[in-house]
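Data block below; observations after.
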Amino acid sequence: MQRPRAEDSSMSKVIEADFPPRNPEAGSSWLSFMGRPSLNGARRILVVDNDFNTTRLIKILLEKKGNYFVLPENDPAKAHQTARDFRPDLILLDIVMPGIDGGEVAARLRNDPELRRTPIIFLTALVTEAEAKSGLEIDGHSFLAKPINISELVGAIEQHLPHARKATSWK
């Protein structure tokens, strides 16, 4: 069986281009040794969720939908350091994760003088869509119910970044 060439598969291009290497032995994120990527004005979004498929899907959809550069972090214990390295414009944060939950990650970010003003949107399967739309907040942060509707997610992101140039090129 012949293996398809990378140029024959758009998914290969997405995976190769969208997931920079990590260096777990060094104990730091890829940003530490690669330097800050060229973002061309894209808004930086950090997605923290222990589910790899969730972060991957959010990354692909957001980067196709608007002018975003999305960095996934699947280890909540590394989320604070990843945020310090990446300096996101906004953080999407799952609540229920093993070891350190989203509430603890948010508390660490809030206690960091360099990150305390970074908007956080919680993502959770613990509430219904109606509860999420009711305007309630969790620890002062808005939240969206899983499964995520990409249009609602983009709307929430843009609502939390009013001072910024709006992400356009929506299809």
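The values are calculated or read from the model by the stated rules, or taken from the named source; none is laboratory data. The structure presented is a predicted model; accordingly, all values stated were derived computationally and were not measured. Ideal geometry is used to build each Cβ from the backbone, glycine not excepted, and the neighbour counts take in all protein chains shown.
Residue-level check: of (1) more than 23 Å from Glu158 (Cβ to Cβ); (2) in a loop (DSSP other than H, G, I, E, B); (3) of a type outside the set (A, V, I, L, M, F, W, C); (4) at pLDDT 95 or above, Pro88 misses just (1).
Here Ser12 meets the list (1) at pLDDT 85 or above; (2) over 18 Å from the mean Cα position of the chain (by Cα); (3) not in a loop (DSSP other than H, G, I, E, B) almost entirely, failing just condition (1). For region 72-81, the criterion of a residue being among the hydrophobic types (A, V, I, L, M, F, W, C), more than 20 Å from Val154 (Cα to Cα), at pLDDT 95 or above and touching an Asp or Glu at 6+ places or on another chain (Cβ under 7 Å) is satisfied by at least one position. Looking across region 43-70 at every residue that is part of a strand (DSSP E or B) and out of contact with any Ser or Thr (no Cβ under 7 Å at 6 or more places or on another chain), the one that is nearest to Leu144 (Cα to Cα) is identified as Val48.
Residue by residue through region 76-106, note down the ones that are surrounded by fewer than 16 Cβ atoms within 10 Å (Cβ to Cβ), within 15 Å of Phe52 (Cα to Cα) and either in contact (Cβ under 8 Å) with a residue 40 or more places away in the chain or under 14 Å from the mean Cα position of the chain (by Cα) (or both). Selection gives Pro98 alone.
Residues of region 91-113 being in a loop (DSSP other than H, G, I, E, B) and at pLDDT below 95, which ones? Across region 91-113, the qualifying residues are Ile95, Val96, Met97, Pro98, Gly99, Ile100, Asp101.
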